[in-house]
Amino acid sequence: MNPWLFAAIVAVVVIAVVIKRMIGEPVNARDLFVAPAILTGIGVLSLVKMTDLTGTDLTWVITGAVLGAALGALRGATVQLVDRGGVLWQRYTGRTFLAVIGTLAITAGFSVLAVKMGMHENARPVQLSIGVSFLGESLIVGRRGMASGIPFAPARTR
């Protein structure tokens, strides 16, 4: 698949998720974890397929993944969780968007530093970065949801 087309598809999915979460949506485990896991898996698969990765590249990728998950967790701490109709709902808040802006600035700075320190520019899959960030967010939202005692919404049947 054309890399630009794939990037466009990923961008559309991320934008759709953000819009849904701005409006508010029920929290269910499948929606919370499947998309981040798939994106993370695609990113890891992209890394495995790369033939010219160096130890420096892997060090920066792993460090970037840990940073991304931590920043996602920070973002997850800002998500509003409420009981609506007897099930858990989530909604992005103004603080969530401030966290997003901060996350983008930090990850951009990290990327520039990584390249200046010897990482190949193409050695960090975008899908991995987005996936681990949403995974960090999902872990915190899931933990907070479980601690609230409000039941998760049932998975939707399609």
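Under 1.5 on a/c is rounded, so check that first for the range 63-152, then, if it is not, pick prolate when a/b is larger than b/c and oblate when it is not; a ≥ b ≥ c are the square roots of the alpha carbon gyration tensor eigenvalues. Could you put the intermediate results ahead of the total?
Details: a/c = 3.59, a/b = 2.49, b/c = 1.44.
Here the range 63-152 falls in the prolate category.
Might you work out the accessible area of Thr103 for me, using a 1.4 Å probe with all protein chains in place, and round it to the nearest 10 Å²?
Accessible area of Thr103: about 20 Å².
Over all Cα pairs of the range 99-158, how is the pair count split among 5 Å bins, expressed in % and running from 0 up to the last occupied bin?
Taking every Cα pair in the range 99-158, the percentages come to 4, 13, 17, 18, 14, 11, 8, 7, 6, 1.
Rounded to whole Å and ordered largest first, report the semi-axes of the equivalent ellipsoid of the chain derived from its Cα gyration tensor (root of 5λ).
They are 30, 17, 13 Å, listed from largest to smallest.
Please give the calculated 222 nm ellipticity per residue for the chain, where each DSSP H segment of at least 4 residues contributes -39500 (n - 2.57) and the sum is spread over every residue; nearest 500 deg cm²/dmol?
-24500 deg cm²/dmol
So if I place +1 on the C-beta of Lys and Arg and -1 on the C-beta of Asp and Glu, and nothing else carries charge, what would the dipole magnitude of the range 1-143 be about its Cα centre? I want it in debye, nearest 20. Don't jump to the answer; show the numbers that get you there.
Values: 11 positive and 7 negative charges, 66 e Å.
Charge dipole of the range 1-143: 320 debye, to the nearest 20.
If you roll a 1.4 Å probe over the chain with all protein chains in place, what percent of the accessible area is carbon or sulfur? If you can, show how the numbers build up before the last one.
Values: 6520 of 8960 Å².
Here it works out to 73 percent.
With every protein chain left in place, what is the accessible area per residue of the chain in square angstrom, probe 1.4 Å?
Heavy-atom accessible area per residue stands at 57 Å².
Springs between alpha-carbon atoms under 10 Å, Gaussian network over the chain: tell me which of Val141, Val132, Val18 tops the mean-square fluctuations.
Result for the chain, Cα springs under 10 Å: Val18 fluctuates most.
Using only the alpha-carbon atoms, how far is helix 3-23 inclined from the longest principal axis of the chain? Give it as 0 to 90 degrees, nearest 10.
30 degrees
The values are calculated or read from the model by the stated rules, or taken from the named source; none is laboratory data. Not measured: the values here are computed from a predicted model. A quick note on method: Cβ atoms are made from the backbone with ideal geometry, for glycine too, and the neighbour counts reach across all protein chains shown. When the accessible area is computed, the model is the full protein with side chains, heavy atoms only, and any ligands, DNA or RNA have been set aside. Shrake-Rupley method; radii C 1.70, N 1.55, O 1.52, S 1.80 Å.
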